[in-house]
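Peer 1: Got a structure for you, written out below as structure tokens; questions coming shortly.
Please treat every number below as a calculation from the coordinates, not as lab data. These figures come from a predicted structure and were not determined experimentally. Cβ sites come from the backbone with ideal geometry, for glycine too, and all protein chains shown count toward neighbours.
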Number of protein chains: 2
Amino acid sequence: MDLALCYSGGKDSSLAALVLDRFYDVTLVTATFGLTDDHEHAQAAAESLGFPFDTIELDRVVAEEAVETMRADGFPRNGIQRVHEHALESMAERDVDAVADGTRRDDRVPTISRAFAQSLEDRHGVDYLSPLSGFGRGAVDRLVDETLEVESGPSEEVPKADYEGELRALLREQGGEAAVGEVFPAHEQTYVRGRR
Amino acid sequence: MDLALCYSGGKDSSLAALVLDRFYDVTLVTATFGLTDDHEHAQAAAESLGFPFDTIELDRVVAEEAVETMRADGFPRNGIQRVHEHALESMAERDVDAVADGTRRDDRVPTISRAFAQSLEDRHGVDYLSPLSGFGRGAVDRLVDETLEVESGPSEEVPKADYEGELRALLREQGGEAAVGEVFPAHEQTYVRGRR
């Protein structure tokens, strides 16, 4: 069965790929608005893990609406949630049996409710899987240590493709570094360099 | 890393074992009040899958309280939830790195909240995993079809060890078949006969 996994090059979506690989023909798919070349980092990470890789084009209007929401809110949560739901909808239109993402039990954003999951499945005739949603932060960290080579650092320096880079670019275009800083607090990101 | 998986011999906990096997040294553990020999069916299923098997003894008082709750409610949900939480607490006291169960996204009972999961992890110094909680009913059914040999039938006829058999036995002891029928509506169960 063919499965498309929303892929950022980070540890969560990489671990999700290893979980699903036992059951599906997994393709790692990075959703992009075409605003940056960050998807190239995800492609390099996918190749380091030995999975097929593809990109999917998102609707630029969704990025603009998300940035508008984030600037009004003063935090990224609702904008990122909107983009992730749009990405899953786009992935579900591919010719696959299942779509998946790397959301974890302890994630605050994005989160996919059971109602959204069932609606996505019914409307598109696919299964939606979030294989890490039954894994807490500690378990994910331990499994990542055992299975992946990971680099971490401040989120503006680690190459990754999780919407955030593109939404930062659009914020920067609209309001400079100040607009970015008002929405995104400094935090750590991870980037996968290969299997252990 | 050693993991103890709450095991009934049914398709959900069997599929959970296959998901976790990629990352952990999995032992299938059936929790029993010692009221029936149903754990022997779980042991046979575990052997057919090639996993180590063990049992864990539950507190008989919990079974009596659960049956009292179920008779007062007229449905099994709260009683089964209570027993499952007690089983996870007991499993978490074993010398393991992680405990797990086969609860799915679309299950109504038992369900383990994020708060209960984190509390269990903090108090016992283990990870708690519910690897199917990001899998809907359709995905589970399709993966089971691909990976397991399964028998299904009315729940009173299919040999299994998911607390229900023992709680039915205790109900029958107290109030005969009528007491069982008042709490448990007729439904289908599954039992695993091996790998495909």
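Peer 1: Sorted from shortest, what are the nm distances separating the label point of residue A:193 from equivalent points in the other copies, each placed 7 Å from Cα along Cα to C-beta?
Peer 2: 5.1
Peer 1: What residue among B:102, B:34, B:79 shows peak mean-square fluctuation when chain B is described by a Gaussian network model with Cα springs under 10 Å?
Peer 2: Of B:102, B:34, B:79, the Gaussian network model singles out B:34 as fluctuating most.
Peer 1: Follow-up. Amide H neighbours of residue B:148 under 5 Å, counting only residues 5+ apart in sequence or on other chains, H built in-plane at 1.01 Å?
Peer 2: Residues meeting the amide H criterion: B:196.
Peer 1: Around residue B:69, what is the net charge, scoring Lys/Arg as +1 and Asp/Glu as -1 over all other residues with Cβ under 14 Å from its Cβ? Before the final figure, lay out each step's value.
Peer 2: Values: positive: B:71, B:77, B:82; negative: B:64, B:65, B:68, B:73, B:85, B:182.
Here the count lands on -3.
Peer 1: Mind checking the full-extension length gain between residue A:119 and residue A:137? Use 0.36 nm per residue of separation minus the Cα-Cα distance, one decimal, nm.
Peer 2: On the way: separation 18, 0.36 × 18 = 6.48 nm, distance 2.73 nm.
Fully extending the segment from residue A:119 to residue A:137 adds 3.7 nm.
Peer 1: Classify region B:72-189 as rounded, prolate or oblate from the Cα gyration tensor: take a ≥ b ≥ c as the square roots of its eigenvalues, call it rounded if a/c is under 1.5, otherwise prolate when a/b beats b/c and oblate if not.
Peer 2: Details: a/c = 2.04, a/b = 1.27, b/c = 1.61.
Note, shape of region B:72-189 comes out oblate.
Peer 1: Taking GluC sites (Glu not before Pro) as exposed when DSSP calls them loop (any state but H, G, I, E, B) and at most 16 other Cβ atoms lie within 10 Å, what is the longest stretch of chain A free of them, the sites themselves excluded? Spell out each step's value before the answer.
Peer 2: Working: sites that count: A:93, A:156, A:157.
The segment A:1-92 is the longest one with no such site.
Peer 1: Which of A:3, A:189, A:98 sits farthest toward the positive end of the charge dipole of region A:2-195, with +1 on the Cβ of Lys and Arg and -1 on the Cβ of Asp and Glu?
Peer 2: A:189
Peer 1: Another question, if that's okay. Sort shortest first the distances from residue B:109 to its counterpart in every other copy, using label points 7 Å along the Cα-to-beta-carbon line, and give them in nm.
Peer 2: Residue B:109 label point versus its equivalents elsewhere: 3.7 nm.
Peer 1: Between residue A:73 and residue B:75, what FRET efficiency follows from the Cβ-Cβ distance if R0 is 51 Å, with the result rounded to 0.05? The partial results should precede the final answer.
Peer 2: Numbers: r = 42 Å, r/R0 = 0.83.
E between residue A:73 and residue B:75, to the nearest 0.05, is 0.75.
Peer 1: Per residue of A:6-16, count partner chain C-beta atoms within 10 Å of its C-beta, then hand back the mean as an integer.
Peer 2: Averaged over the peptide's residues, the number is 0.
Peer 1: Now, a different point. Could you give each residue of region B:125-131 its phi-based ³J(HN,Hα) in whole Hz, using Karplus coefficients 6.51, -1.76, 1.60 with θ = phi - 60°, and x for Gly or Pro?
Peer 2: My calculation for region B:125-131 gives x, 10, 8, 10, 10, 10, x Hz in order.
Peer 1: Residue A:109 to residue B:97: FRET efficiency via 1/(1 + (r/R0)^6), r the Cβ-Cβ distance, R0 35 Å, to the nearest 0.05? The partial results should precede the final answer.
Peer 2: Working: r = 29 Å, r/R0 = 0.82.
Computed FRET efficiency for residue A:109 and residue B:97: 0.75.
Peer 1: Quick one: compute the contact order of region A:1-143, relative version, from alpha carbon pairs under 8 angstrom and 6+ residues apart, as a percent.
Peer 2: On the way: 232 pairs, mean separation 38.4, N = 143.
It rounds to 27 percent for region A:1-143.
Peer 1: Name the residues whose placed amide hydrogens come within less than 5 Å of the amide hydrogen of residue B:104, ignoring near sequence neighbours (fewer than 5 apart) on the same chain.
Peer 2: For residue B:104, whose amide H was placed from the backbone, there are no distant partners under 5 Å.
Peer 1: What does the copy distance list look like for residue B:57, label position 7 Å along Cα→Cβ, in nm and ordered from shortest?
Peer 2: Those label-point separations list as 6.8 nm.
Peer 1: Between residue B:193 and residue B:37, how high is the FRET efficiency from 1/(1 + (r/R0)^6) when r is the Cβ-Cβ distance and R₀ = 22 Å? Nearest 0.05.
Peer 2: On the way: r = 18 Å, r/R0 = 0.84.
It comes out at approximately 0.75.
Peer 1: Taking H as built 1.01 Å from N, whose amide H comes closer than 5 Å to the amide H of residue A:129, not counting residues under 5 places away?
Peer 2: Here A:99, A:100, A:101 satisfy the definition.
Peer 1: Hey, rough spin-label estimate for residue B:65 and residue B:44, points 7 angstrom out along Cα→Cβ, what's it come to in nanometres?
Peer 2: Computed distance between label sites residue B:65 and residue B:44 equals 3.4 nm.
Peer 1: Next question. For the residue pair residue A:1 and residue A:182, what label-to-label distance in nm results when each label sits 7 Å from Cα along the Cα-to-beta-carbon direction?
Peer 2: Between residue A:1 and residue A:182, the label points sit 4.6 nm apart.
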